[in-house]
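What follows is a short report on a single structure.
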Amino acid sequence: MTQSALRIDGLSHTFGSRQALDNVSLTVPAGTFTALLGLNGAGKTTLFSLVTRLYDSTSGTIEVFGFDVRRESPAALSRLGIVFQARTLDLDLSVRQSLLYHAALHGIGRRQARLRMHSVLEKFAIADRIDDKVRNLSGGQMRRLEIARALIHDPALLLLDEPTVGLDVEARESLIKEVRRLASEEGNGILWATHLLEEIHMTDRLIVLHKGRVLAQGTVSEVLLQADAADVQTAFRNLINASQTPSLGQEAAE
């Protein structure tokens, strides 16, 4: 049985009177690329903020490789790497300085940090830019650096929130290819949040999130079957339409 890299059960969150997440339960198996598909405002960033403890969850459970993020935060977060939609790089640092600083935050010694730094930069084809200032990198190279930085402490789970925003088609496809390789060849659990249907492949796992609720999850084939659709676009539309149609019980109550 495949181990769960991320398991969320019964998670809800509100901002004042607005329900951002409503009883969300999902699983990201280790060694899989799982796409979290949702329109802007679906709750993807809120979900990531709860997993990473930027927000405190007051209902439900979140586990990273079996460690509860509230009760066992150090063990859970040490196994987690994160790339948020908004870039968080210091433009005045060099690539080398950026990675060494982040490694130090994780308590990684300088010698080990250098070894890991060269390894992750090679994976993402930016090793030749190691002494360049971050501000001199292209948008695609900055994203690669952010992922390399997220991997410097060797996490087993990687969360990426709309990581291709602002990238051209070639840079986007190259980035997705490299992240999929982390899952297939290195066994990382990947949760890739996106609103772009073209970023989802038939080989992926898929979670559909809409207005804070999970409408479907499983392999892409399983989601298509559940939504009675031949492609992801039709499945997404069918699931959203079904979620907005009141049941007979609801109609009677109204």
Q: Can you list which of the trypsin sites (Lys or Arg not before Pro) found in the stretch 1-101 are DSSP loop residues with at most 12 other C-beta atoms within 10 Å?
A: R71
Q.
Can you work out the Karplus-derived ³J(HN,Hα) for every residue in the stretch 158-166? Use 6.51 cos²θ - 1.76 cosθ + 1.60 with θ = phi - 60°, whole Hz, and x for glycine or proline.
A. 10, 9, 10, 9, 6, x, 9, 4, x
Q | For the chain, built as a Gaussian network whose Cα springs stay under 10 Å, the top-fluctuating residue of G81, G60, G38 | A | G60
Q. Taking the Cα centre of the chain as the origin, how large is its charge dipole in debye, to the nearest 20, when only Lys and Arg (+1) and Asp and Glu (-1) carry charge on their Cβ atoms?
A. 880 debye
Q | Exposure proxy order (Cβ contacts within 10 Å, fewest to most) of H153, H201 | A | H201, H153
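Kindly identify the chain as rounded, prolate or oblate by the Cα gyration tensor criterion: order the square roots of the eigenvalues as a ≥ b ≥ c, call it rounded if a/c is under 1.5, otherwise compare a/b with b/c, prolate if a/b is larger, else oblate.
Since a/c reaches 1.5 and a/b is larger than b/c, the shape of the chain is classed as prolate.
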Q | Gaussian network model of the chain, Cα within-10 Å springs - most flexible of Q244, Q97, Q112 | A | Q244
Q | the chain - mean residue ellipticity at 222 nm from DSSP helices (-39,500 (n - 2.57) per run, n ≥ 4, rounded to 500) | A | -11000 deg cm²/dmol
(Q) Give me a comma-separated list of calculated 3J(HN,Hα) values for the stretch 42-56, in order, Karplus coefficients 6.51, -1.76, 1.60 applied at θ = phi - 60°, integers in Hz, x for any Gly or Pro. (A) 6, x, 5, 5, 4, 4, 5, 5, 6, 4, 8, 6, 5, 10, 8
Q) What nm value, rounded to one decimal, do you get for the distance between T234 and M202 when each label is placed 7 Å out toward the C-beta? A) 1.4 nm
Q: Considering only lysines 8 or more places apart in sequence, or on different chains, count the pairs in the chain whose C-alpha atoms sit under 25 Å apart.
A: 4
Q: Please work out the C-alpha center-to-center distance from the stretch 156-212 to the stretch 21-79 and express it in whole Å.
A: 16 Å
Q. For the stretch 57-118, what does the alpha-carbon gyration tensor say about shape, rounded, prolate or oblate, given a ≥ b ≥ c as the root eigenvalues, a/c under 1.5 as rounded, and a/b over b/c as prolate?
A. oblate
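May I have the convex hull volume per residue, in Å³, for the Cα set of the stretch 17-83? Intermediate values should be presented prior to the final figure.
Numbers: hull volume 7.2 nm³, N = 67.
Normalising the Cα hull of the stretch 17-83 by residue number yields 107 Å³.
No value in this document is a laboratory result; all are computed from the given coordinates. Keep in mind the model is a prediction, meaning the values are calculated, not measured. Cβ: placed from backbone, ideal geometry, glycine included. Neighbour counts: every protein chain shown.
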